[in-house]
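The values are calculated or read from the model by the stated rules, or taken from the named source; none is laboratory data. Quick caveat, the model's predicted, so the values are computed rather than measured. Cβ placement follows ideal geometry from the backbone for every residue including glycine, while neighbour counts extend to all protein chains displayed. The accessibility values were calculated without ligands, DNA or RNA, using every heavy atom of the protein model including side chains. Shrake-Rupley method; radii C 1.70, N 1.55, O 1.52, S 1.80 Å.
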Amino acid sequence: QVQLVESGGGLVQPGGSLKLSCAVSGFDSDYHAIGWVRQAPGKEHEGISCISNWDGSTYYAESMKARFAISRDTDKDTVYLQMNNQKPEDTATYFCAEERVATLKCYLQKNMDYWGKGTRVTVSP
């Protein structure tokens, strides 16, 4: 079965950087996408970015392009989220998720079929 396990969350100072990891396995579709979605305390899920499994094409929510970057390492079966110039409003639980049949908006929460349990990120001095 599909499994997604996030890691790398923690405390970072404003202006600092953090890199999250998502270990992936068990996929049963030929053309799927892995994405990152976050949820701040008391707020709705917010899509960040996603990447295709077959060619590594990336897609971003417009507001996330400046400070977030998604990538993958196929040898390690891992997807990454590089987060730069972090701000207090970036404090959230960050989820790795799969869209089983990939679309051009594979970062949207409503399109996700499987989810990891999340990793918490706190941005504070």
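Reported to the nearest whole Å, the Cα centre-to-centre distance from the range 1-59 to the range 101-118 is 9. For the chain, a crude dipole built from +1 on the beta carbon of Lys and Arg and -1 on the beta carbon of Asp and Glu, taken about the Cα centre, is about 440 debye to the nearest 20. Only one residue of ALA66, VAL12, TRP54 has its Cα farthest out toward the positive end of the dipole of the chain, where Lys and Arg carry +1 and Asp and Glu -1 on Cβ, and that residue is VAL12. Available extension along the chain between ASP28 and VAL5 is 6.6 nm, counting 0.36 nm per residue and deducting the alpha carbon span.
With all protein chains present, how much of the accessible area of the range 1-101 (probe radius 1.4 Å) comes from carbon and sulfur, to the nearest whole percent?
Heavy-atom surface of the range 1-101 belonging to carbon and sulfur, 1.4 Å probe: 45 percent.
Straight-line cross-link reach from LYS43 at under 18 Å between alpha-carbon atoms covers these aspartates and glutamates, not counting any fewer than eight positions away in the same chain: GLU89, ASP90.
Distance between the pseudo-spin-label points of ASP113 and TRP54 (7 Å out from Cα toward the beta carbon): 1.4 nm. Give, as ranges by residue number, the residues of the range 57-87 whose backbone N falls under 13 Å from the point 7 Å along Cα→Cβ of LEU104. 59-60, by backbone N distance to the label point. Using the structure shown, select from LYS19/LYS110; LYS76/LYS105; LYS65/LYS117; LYS87/LYS110; LYS19/LYS87 the pairs with a Cα to Cα distance greater than 22 angstrom. As for pairs spanning more than 22 Å Cα to Cα, those are LYS19/LYS110; LYS76/LYS105; LYS65/LYS117; LYS87/LYS110.
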